[in-house]
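Shown next, in C-alpha cells, is the structure this report addresses.
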Amino acid sequence: MPMTQTPAHEWMLPRLAALLAEAEQAGIAREVAVAVLTDLIDDPEITRTPAPDRP
C-alpha cells in the first residue's frame with residue numbers, strides 16, 4: 001500500500017498543513033518551513049525511539 005493511502009498519512013497531512021499555514025502566518029516562507037521540517041526529520045534525535053524518560 002502506498003504511504004499516501006495509510007491511516008498515518010491521513011492523520012499527519014492535516015496537521016502538517018496546519019503547521020505550514022501557521023508558519024506562513026508567522027512570516028516564515030512555506031519553502032523555508034518545508035526545508036526546516038526536512039532538516040529536522042533527518043535529525044537522528046527525531047528518528048530514534050525516545051527513552052522512557054523523554055517526551
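What follows draws every value from the coordinates through simple rules; no lab data is involved. Being a predicted model, the structure only gives us computed values, none of them experimental. Because the Cβ atoms are built from the backbone with ideal geometry, glycine has one as well, and the counts that use them run over all protein chains shown.
Numerical summary
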| quantity | calculated |
| --- | --- |
| Approximate spin-label separation Glu45-Leu20, in nm, with each point projected 7 Å along Cα-to-Cβ | 2.5 |
| Cut-off 15 Å between beta-carbons: net charge of the residues surrounding Ala18, Lys and Arg +1, Asp and Glu -1 | -1 |
